[in-house]
Amino acid sequence: MEQKTLFENDKNQPLASRLRPRTLDEFVGQKHLIGEGRILRRLIESDNIPSIIFWGNPGIGKTTLAQIIANKTHSEFINFSAVTSGIKEIKAVMQQAENNRKLGQRTIVFVDEIHRFNKAQQDAFLPFVEKGSIILIGATTENPSFEINSALLSRCKVFVFKPLEVDELVELLKRAITDKRGFGDEKVNIDDEYIKIIAEFANGDARTALSTLEMVILNGDVSNDGTINVTKETLEQCISKKNLLYDKNGEEHYNIISALHKSMRNSDPDAAVYWLARMLEAGEDPLYIARRVARFASEDVGLADPRALEIAIAAYQACHFIGMPECTVHLTEAVVYMSMAPKSNAMEVAYNLAKRDAKEHFAEPVPLQIRNAPTKLMKELNYGKGYQYAHDTKDKLTAMQCLPDSLAGTEYYFPTEQGFEVKYKARLKEIKDWKKAHRQG
């Protein structure tokens with residue numbers, strides 16, 4: 001056992017470290033996983049842990065739960081960091097685990113931030129997980145589907161950790177004030193309202209909540225009797241800037257851009273503007289958002305309102321010329337316009353149907369009549385023979401076939417009854433009726 005020196009003091013550790021739960025009963029949050037009768041709790045209590053991945057935001061208990069498992073299991077528990085370890089360290093640990101297996105002892109290897117390992121490093125675990133030399137517990141803040149090798153992921157059970165609720169954080173903060181590992185030996189005077197504000201500020205992150213509480217208490221006003229009084233002014237200074245939950249390279253990035261897109265599609269301008277603000281205030285590149293809005297203009301509005309694409313491109317140009325923070329109004333205008341515009345996904349449907357046929361019939365020859373004939377040989381081979389120039393006709397229409405023979409008559413564009421597309425639908429029907437009549441004629 002490692003002994004402490006005379007100069008070490010638990011009180012010098014951050015509050016979040018001092019108050020780290022030691023048992024499942026002390027653990028706050030994740031009731032869907034470790035509540036009474038839940039599967040993960042049963043696995044831990046029976047010391048029958050399989051290889052698992054803990055996935056969730058920072059500060060919600062992944063590493064803490066792994067340490068609780070370490071304290072409870074009869075297996076050898078090896079704590080491993082993906083930040084400081086490489087292939088050499090992995091092989092050394094795997095050899096140790098293999099020796100343990102031969103002696104009849106299980107080895108649990110906990111890898112914090114496993115998403116930081118590259119493919120080769122993750123592959124080094126695979127054979128040992130397969131033959132049971134180790135039980136792997138990985139913790140990650142990134143979507144395992146994208147960051148963990150599929151072969152390794154298929155051998156692990158994924159448990160999704162949720163951000164803590166405000167009530168759960170309030171419970172945790174009150175425990176920190178009364179627990180001797182926290183401020184239980186101090187006289188702390190803090191209103192319940194302030195505790196709730198800290199809990200809301202933490203945005204589901206227990207570490208942020210405890211760190212903020214520690215900051216406001218350490219900066220509180222001390223009375224003559226030693227009581228620490230947390231004032232509103234101190235609280236406001238400590239939480240003056242809130243870190244928005246947004247990672248421009250992570251899953252939350254895709255979650256929020258999806259929320260923006262679907263809010264516009266659902267014709268909800270208020271929600272769309274909120275998600276727009278969430279991204280911009282978190283530092284997202286406005287040009288990225290403008291590109292997504294431009295895509296939306298054709299994917300979800302299309303010819304139901306052709307002006308939508310013009311508005312989107314104009315917003316992109318304004319963002320390019322002006323930049324942040326002035327361009328926020330241009331993006332807001334575009335997002336609100338898209339939300340209010342009539343909706344049609346006919347453009348996307350048309351392309352996807354055509355794409356399917358293009359892949360299945362990728363070698364279909366271009367009909368001779370619409371081939372270009374720049375050389376004498378091509379003309380002799382009947383390239384361009386029978387081509388009809390629409391502008392030379394009275395109706396500016398011809399009955400000439402432009403699709404390959406195997407796809408003749410196939411339809412891809414199906415106009416909706418939304419906005420301007422009603423007119424285009426009527427026009428398309430006129431064109432098709434005219435061509436049908438002239439082909440029969």
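The values are calculated or read from the model by the stated rules, or taken from the named source; none is laboratory data. What you see is a predicted model; the values in this text were computed from it and never measured. Virtual Cβ from ideal backbone geometry, glycine too; neighbours counted across all protein chains shown. The area values use the complete protein model at the heavy-atom level, side chains included, leaving out ligands, DNA and RNA. Shrake-Rupley method; radii C 1.70, N 1.55, O 1.52, S 1.80 Å.
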Condition check: more than 18 Å from Thr208 (Cα to Cα), more than 30 Å from the chain's Cα centre (by Cα), hydroxyl-bearing (Ser, Thr, Tyr) and modelled with pLDDT under 85. Does Thr73 satisfy that?
yes
Take Ile228 and decide whether it is of a type in the set (A, V, I, L, M) and either more than 30 Å from Ser145 (Cα to Cα) or at pLDDT 90 or above (or both).
yes
Kindly provide the set of residues from segment 65-111 that are in contact with a helix residue (DSSP H, G or I) (Cβ under 8 Å, 6 or more places away or on another chain), in a helix (DSSP H, G or I), closer than 22 Å to Leu40 by Cα and open to solvent by 60 Å² or more (accessible area, probe 1.4 Å), ordered by number.
Lys72
Complete set of residues in segment 270-308 that are of a type outside the set (Lys, Arg), closer than 23 Å to Glu326 by Cβ and open to solvent by 30 Å² or more (accessible area, probe 1.4 Å)
Asp270, Val273, Tyr274, Trp275, Ala277, Glu281, Ala282, Gly283, Asp285, Leu287, Tyr288
Sort through Ser339, Ser344 and tell me the only one that's of a type in the set (S, T, N, Q), within 30 Å of Met279 (Cβ to Cβ), open to solvent by less than 70 Å² (accessible area, probe 1.4 Å) and in a helix (DSSP H, G or I).
Ser339
Could you check segment 231-242 and list, in sequence order, the residues that are surrounded by 15 or more Cβ atoms within 10 Å (Cβ to Cβ) and either in a loop (DSSP other than H, G, I, E, B) or at pLDDT 90 or above (or both)?
Thr231, Ile239
Taking Asp185 as meeting all but one of (1) under 29 Å from Trp275 (Cβ atoms); (2) modelled with pLDDT of 85 or more; (3) in a loop (DSSP other than H, G, I, E, B), write down the number of the exception.
(1)
The number of residues in segment 371-387 that are closer than 30 Å to Val349 by Cα and open to solvent by 80 Å² or more (accessible area, probe 1.4 Å) is 2
Looking at segment 390-441 only, could you name the residues that are in contact with a Lys or Arg (Cβ under 8 Å, 6 or more places away or on another chain) and open to solvent by 70 Å² or more (accessible area, probe 1.4 Å)?
Glu417, Gln418
Among (1) over 22 Å from Asn255 (Cα atoms); (2) surrounded by 14 or more Cβ atoms within 10 Å (Cβ to Cβ), Ile114 falls short only on (1)
